[in-house]
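The values are calculated or read from the model by the stated rules, or taken from the named source; none is laboratory data. Worth saying up front: this structure is predicted, and the values here are computed from it rather than measured. So basically every Cβ, Gly included, is an ideal-geometry build from the backbone, and we count neighbours across all protein chains shown.
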Amino acid sequence: MSEPSTEDYMIRFEDVAKRFGDHVVLDGLNFTVAPGEFVTLIGPSGSGKTTILRLLMTLEQVTSGTIHVDGECLTHVRRGDRLVPADEKHQQQVRKRIGMVFQQFNLFPNMKVLQNLTEAPIRSLGLSRAEAEARAHELLDLVGLSDKVHAHPTQLSGGQQQRVAIARALAMRPDVLLLDEVTSALDPELVAGVLRLLKDIAETTEITFLCVTHEMGFARDVSDRVLMFDHGHIVEDASPDKLFSEPDHERTREFLSAVL
Ligand code: ADP
């Protein structure tokens, strides 16, 4: 069987290393995510999961190796017969396809909910204000916050702010959505609603998800694959049923017994 080409993957990490000074966070990391797949990264704190998402958002740069998104190289461009690090403009172009929802929501506090959803589509996608507002209304309906269109983020609960952040990410029509501990800052009674919303979105769209979470029930319920990390390496890459019920590796068993 021939190797799938880069174009068959939505995300491809190839021999990626990331160091902060002398501190090696990722080293020789290889993994791929197929279009439409929901892949969850689990593992102890400090094992490099968030760094992977930040590399995809170009909030950090690889030390070496390459990252491709839907067949396009995020990290490098070809100059003659050499690969050179991509400049910001190239990275922004590739990154346009990726959205991210953060632990701390990161809404624009000085803008109303509507403007939080329309600002980037108008600026980056070139939508007219009317188009962007129509889309924003649809998305607020989807996340159950149609009545908050003129509210300021500070007037919303954490769960509502996170729903707005999810709607804001969707407003950019991403091919890939990165979720970084999106329920960690929420009061416990608000967690289930946000997770249910994400599950609905995953099931009803073609979006590819890469998710970092401590919510093991959610990971088991929605993921197509789970990658267990330790010290920047993938210890185990398996279906959720396999990984949570009969993991192959002692390190995975140890981790799961500590968190479950
Ligand atoms: P995880 O998401 O699995 O908890 P992270 O990717 O956040 O892990 O962090 C992996 C390691 O990289 C940690 O040891 C962390 O301290 C370190 N790290 C992350 N970002 C930076 C940074 N900007 N400067 C220095 N060290 C960092």
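Annotations for the structure displayed:
- Which numbered condition ALA134 fails, given (1) within 21 Å of the chain's Cα centre (by Cα); (2) surrounded by fewer than 16 Cβ atoms within 10 Å (Cβ to Cβ): (1)
- Unmet criterion (only one of (1) surrounded by fewer than 16 Cβ atoms within 10 Å (Cβ to Cβ); (2) away from the ligand (no atom under 16 Å from the Cβ); (3) at pLDDT 95 or above; (4) among the basic types (Lys, Arg)) for ARG12: (1)
- Candidates are the residues of segment 15-24 that are within 9 Å of the ligand (Cβ to nearest atom) and under 15 Å from THR50 (Cβ atoms); the one that is surrounded by the fewest Cβ atoms within 10 Å (Cβ to Cβ) is HIS23.
- You will find that of ALA238, ALA219, the residue that is away from the ligand (no atom under 16 Å from the Cβ) and of a type in the set (A, V, I, L, M) is ALA238 and no other.
- For the condition closer than 28 Å to GLY126 by Cβ and either out of contact with any Ser or Thr (no Cβ under 7 Å at 6 or more places or on another chain) or surrounded by fewer than 21 Cβ atoms within 10 Å (Cβ to Cβ) (or both), ASP200 does not qualify.
- Answer from THR58, THR50, THR40 - the residue that is under 13 Å from the mean Cα position of the chain (by Cα) and free of Cβ contacts under 8 Å to residues at least 40 places away in the same chain: THR58
- Residues located in segment 25-37, provided they are part of a strand (DSSP E or B) and surrounded by fewer than 15 Cβ atoms within 10 Å (Cβ to Cβ): GLY28, ASN30
- Within segment 194-206, the set of residues being in contact (Cβ under 8 Å) with a residue 40 or more places away in the chain and either among the acidic types (Asp, Glu) or more than 15 Å from VAL39 (Cα to Cα) (or both) comprises LEU197, GLU206.
- Evaluation of LEU243 against the conditions (1) aliphatic (A, V, I, L, M); (2) within 30 Å of GLY158 (Cα to Cα); (3) away from the ligand (no atom under 16 Å from the Cβ) shows that the sole unmet condition is (2).
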